1. Output the lone cysteines of chain B: those with no second cysteine's C-beta under 4.7 Å from their C-beta.
2. Note the angle between two axes, namely the Cα long axis of helix A:592-602 and the longest principal axis of the Cα atoms of chain A, as a number of degrees from 0 to 90, rounded to the nearest 10.
3. About the Cα centre of the protein assembly as shown, what is the dipole size in debye to 20, counting +1 per Lys and Arg Cβ and -1 per Asp and Glu Cβ, all else neutral?
4. With Rg and the Kirkwood Rh both taken from Cα atoms, where does Rg over Rh land for segment A:576-669?
5. Which percent of the Cα-Cα distances in segment B:100-222 go past 17 Å?
6. If we sort B:53-64, A:204-215 on the protection proxy, mean other Cβ atoms within 10 Å, highest first, what's the order?
7. What is the calculated FRET efficiency for A:A496 to A:R270, with r their C-beta to C-beta distance and R₀ = 45 Å, to the nearest 0.05?
8. From the mean inverse distance of alpha carbon pairs (Kirkwood) and the Cα radius of gyration, derive Rg over Rh for segment A:169-289.
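Bear in mind that the values in this text are calculations on the coordinates, not laboratory data. Here the structure is a predicted model, which is why all the values come from computation and not from measurement. All Cβ positions, even for glycine, are placed from backbone atoms using ideal geometry, and neighbour counts span all protein chains on display.
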Amino acid sequence: MPKLKVDGVELEVPAGATVLQACELAGKEIPRFCYHERLSIAGNCRMCLVEVKPGPPKPQASCALPASEGQEIRTDSEMVKKAREGVMEFLLINHPLDCPICDQGGECDLQDQSVAYGRGKSRYDENKRAVTDKYMGPLIKTTMTRCIHCTRCVRFSEEIAGVDEIGALYRGEGMQISTYLEGAAKHELSANVIDLCPVGALTSKPYAFEARPWELKKTLGIDVSDAVGSNIRIDSRGREVLRILPRVNDDVNEEWLSDRARYVVDGLTRRRLDKPWLRKDGKLTAASWAEAFDAVAKINPGASVAVISGDQVDCETLFAAKALARALGSSLLEGRQTGLAYTASNLAAVAFNSTFAGIEEADAILIVGSHVRDEAPLVNTRLRKAAKRGAKVFVIGAAWDPTYPATFLGEDAGLLNDVPAEVVAAFEGSKKPAIIIGGAGLAKGALEAGLAFAERFKLVTDEWNGFNVLHMAASRMGGLMLGYAQPGGLADLVAAKPKMVISLGADEVDYTKFAGSMIVHIGHHGDKAAHAADVILPAAAFTEKDGTYVNTEGRVQYSERAVYAPGDAREDWTILRAMADALGVSVGFDSFEQLRAAMIAEVPALGVEGLADYGALPAAPKGAKAEGVIAAYPIKDHYLTNAIARSSPTLQRCSAELVHGETFAEAAE
Amino acid sequence: MADRHIEPDTPTLRARWGSFAWTAENAEKAKTIIARYPAGRQRSAVMPLLDLAQRQVGAEENTQGWLPIPVMEYVAKQLDMPIIRVVEVATFYTMYNIAPIGRFHVQVCGTTPCMLRGSDDIIAACKAKGLKKGHTTEDGLFSFTEVECMGNCASAPMVQINDDNYEDLTAADMTRILDELAAGKQPKTGTQAPGRHTVEPLGGPTTLTAMVSANHDYRSEW
């Protein structure tokens, strides 16, 4: 714990801190471009120069200098001021003055810092360097003349994403950042380099020339593209969401966001259900709300109702639908659309108990039937960190590219019952062993076998819980907490032959099984469920309503409304409330506040932001065995996993180009 | 510098170099080079291997050698490292040629000491032989570049041709060297000044003269 002085103020900093971190602890702002907390130190922009005594009588790059006992650091001296002005002038020598047409304008580190630390005038009147733009795929727009060679993008793709594809070619003034042979950046986190880029060299292609940051209303939201529950900022203008950016939350998404979460934006305004539809003579026809509710009333199902929830539904909607079903006398609720039927009586057994931040510390990890990279890209970065720290990773299931060293044991789920010797050796010597069971594993009975595995290798101790289930649906944990699970799964609903099936945006269900039921679809996109529906009630997408979401860890998070739903679409709970009137029953709430209060009264954990406590793991049932072959994973195309994504031209293009290898001709400029 | 660019990865290039593999002799050399580095650090061998590859390409097409993209990929594969990291190295160092090059790569130094000693004449002599900056002659014999200081200022002006230096040049020397190379002869390397061996002072030593023929203890004279 070295003691040092920053601008005359004495303070103690943690051992291993850098001078830059010490200055930040002292409350001093140090300008920087290449330094980033989550990336390795490069020290090549020189913007963070400070004066340090003892040491050579010249400014020092604080980002790469370890803080040590007795240092006297000055960030406010004449030397520092001149050094910063000098560095800034050099950086601006080759940087174009195109701020008015640059998308980074208004949120540009170079712009901000040149105002704060620059000279305000240039002495350079030679020709500026120009660099040809590089192709980096459908998401990243490049203007490489603006690049200041901070190499953040290079370090991100190498260290965090684990896909070495961006590099710095040539040298000196001729240095250029490029992907290999100017191919598209192909991994699932590629767009994070846009946030990392301190200038406008890498900007968002779909968002190009859309808006200035100061025009945007910023709303705090939760991403629903997977069960990670990434914290996002929804930027909207007027009635349209223009972009989605990650928000910092070290427990969940750090400060990254997967491409499919970031670029669902243009899906939010396409293929929307913006008025009620009724099926007449086998054809969907537009209707008014009154006609739609008349149609619902005409079904008059009595207690013969089932509710199927989709993957992106908030807890309030789930609860409202549950209240409606209960008022009608039914408890047929299910959210596992593809027919999974694992036991959900103990929620600790179906949660990601290690937590995302915790799994980084695991030293032996067994993944059973989960393509983590597709199913939860931001969990894969955590696993990558664990592997970099020396964790041994084993996978049961078909092989995929994890970006870190992992041993693929085979496709036979039965391997979990009797793990190979190398796994035994790794887990017996392990302090923090962990198992991660994914959707493909759950389908093969890996849950019970996993519990037996957890008992055998003591995955749960007082300080550590290494039993994890990785879900894929944002609504899954909330649904399980609210009872959206039948013992037999979806098959129970099919067997009950309900007169009316309420679909809450349930697009992945095979509705041919419900041929005898009237299907009322409360959804926001004209996707698969809309084709099967008899009544369509247009609802709000996740950006258009307040809501509570529970991620796969059991972390309760609140999302806020950014914009209003388009056209006649309404927030889901109001539709369910009006359906109660149409069906002549009472659900016990008239406002969103009452609904939320009733929900929290029933499931108190939903009222507390943060990790829900699910108690201890259940004992493994005797003789439980995993059986079958995990030859494939549920996600076939990681860009098009939900109705919004399937409606998004950007993600369709990503899918076509990056997953299916189609080539697109670049428009000539 | 700024003129450097990677030879585009075309189907023709793939067809020509896609099947690149070490010759038996070079495979052995590559093994020795990789063995110099600790296990798991084999990517440290990227620079010597790229050099080896460049020489093999040169031997195959009778040029100084260069690094086509498939060849870089081959090296990356052998060292189990991402191809972009190999390309970074190859593009950084100017002694790796990343575009096709002639039989002899004539690198004339044009930095201050050489310029003062007449590198302009050397360049003019090269031009008179039909060499053009940044280009290869039509017969594929000579590629010509002007480079910065090669560290031979004491015997300026100088030119580097492939692995050899030619120093203390005059325009006539330059013409002769190019002619001899074109004729398939190996000119004398090193200094071209008559009577000079290396970079000893021109016209004989001016200091320590007593030490030229025998050892002499100067200490008593201080």
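1. Lone cysteines by the Cβ rule: B:C126, B:C149, B:C153.
2. Helix A:592-602 and the main axis of chain A meet at about 80 degrees.
3. Charge dipole, the protein assembly as shown, about its Cα centre: 440 debye, nearest 20.
4. 1.19
5. That fraction is 59 percent.
6. B:53-64, A:204-215
7. So the FRET efficiency works out to roughly 0.80.
8. 1.11
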